[in-house]
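Shown next, in structure tokens, is the structure this report addresses.
Each reported figure results from applying straightforward, stated rules to the coordinates on display, with no laboratory input. Here the structure is a predicted model, which means the values were calculated and not measured. Neighbour counts are summed over all protein chains in view; Cβ atoms, including those assigned to glycine, are modelled from backbone coordinates with ideal geometry.
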Amino acid sequence: MTGRYPNTRMRRARATGWSRALHRETQLTPADLIWPLFVTEGDGVEEPIASLPGVSRWSVDGIVARAKEAVDLGVPVVALFPNTQPDRRSDDGAEALNPDNLMCRAIRAIKEACGDRIGVLTDVALDPYTAHGQDGLLDDTGYVLNDETVAVLVDQALNQAKAGADIIAPSDMMDGRIHAIRMALEMNGHPNVQIMSYAAKYASAFYGPFRDAVGSGGLLKGDKKSYQMDPANSDEALREVELDIAEGADSVMVKPGLAYLDIICRVRQEFGVPVFAYQVSGEYAMIEAAQSVGAGDRDALLMEKLLAFKRAGASGILTYHAPVAARLLNG
């Protein structure tokens, strides 16, 4: 105990705006944000996503415009996710290795337009490319094969690195993929490409709108519980993170974010590495839904949640609300 009433009045420091700012423990800036963007085919295309109000798929030219907007807002990184057309999907996800696929074209276009003024984070997983919607290759029973999938993920990561990706973000949750990707990057002239591992990605019910956005929702048969984590587990997340750090991850991610603040806190306290939270599509949609029915103010709800991620120990946050939050933070 450090004091006693009335010598100590905790409300003294809360009485004015300047004092609250002076004593604020957690700081949030646009530099803490990563903006996920969805890429689609065409030119001059914007496709609003019904389950993600205010979010659209953009053709490559639109993605470049969003990247320039991020630069102007002070958001340092955009994260890219492709909406692969059905005729380019296959059971083996071969389109992921096409050097002229949507992802690679968007990377090159952003880098040509913005250079090093913004970082490009790319998703490494096969679900945007497979006809079955799973994150990897399947055996005859429908089980996702681990080592065979990792071999494809390595080639996918190299494909993106050659296109100019700054951060490779494996989201598949296959065992051993971080080591394999790190070695491949080192051996193929990409030693400075970062790896942000989806180290603790849970088999969550909050991913539905995202699957709509990348076009895999209607394709998925079954679930992803054989490789994504059980929401009941916490110690297991620390083992996953420890392995990925040892294998060469520069930073790690907890996904989803809000329902797993305890995991973010434990990871930060245990390992002291940069840990990122993903405010996933279902979390975004709930904020928008609350606003639409008058159950809460969107801006207030958003900023409180983002501060919660930072308070828990997150180095940064992936959020579809990034441009909204940046404008609020920029005043």
In terms of modelled amide H atoms, which long-range or inter-chain residues lie less than 5 Å from the amide H of Arg57?
Glu47, Ile49
Can you grab the distance from the C-alpha centre of region 1-61 to the C-alpha centre of region 138-192, Å, no decimals?
32
Kindly write out, for region 209-214 in residue order, the coupling ³J(HN,Hα) from the Karplus curve 6.51 cos²θ - 1.76 cosθ + 1.60 (θ = phi - 60°), rounded to whole Hz, with x marking Gly and Pro.
x, 4, 5, 4, 5, 9
Return Leu97, Leu126, Leu80, Leu52 ranked ascending by Cβ neighbour count within 10 Å, so the fewest neighbours appear first.
Leu97, Leu52, Leu80, Leu126
Could you give the angle, 0 to 90 degrees to the nearest 10, between helix 281-292's Cα long axis and the longest principal axis of the Cα atoms of the chain?
50
Which shape class, rounded, prolate or oblate, goes with region 196-331 when its Cα gyration tensor gives a ≥ b ≥ c as root eigenvalues, a/c under 1.5 marks rounded, and past that a/b bigger than b/c marks prolate?
oblate
Between helix 102-114 and the chain, what is the angle of the helix's C-alpha long axis to the longest principal axis, kept within 0 to 90° and rounded to the nearest 10?
50
Sum up the charges of everything whose Cβ sits under 9 Å from the Cβ of Gln194, counting Lys and Arg as +1 and Asp and Glu as -1, but leave Gln194 out.
-2
FRET E, pair Val71, Leu307, Förster distance 25 Å, beta-carbon r, rounded to 0.05
0.55
Given a Förster distance of 51 Å, the FRET efficiency implied by the Cβ-Cβ spacing of Asp100 and Arg20, rounded to the nearest 0.05, works out to 0.45
Could you state the angle between the C-alpha long axis of helix 177-187 and the longest principal axis of the C-alpha atoms of the chain, as a value from 0 to 90 degrees rounded to the nearest 10?
70
To check you understand DSSP bridge types, tell me what percent of the beta bridges within the chain (both residues inside) are antiparallel, rounded to 5.
10
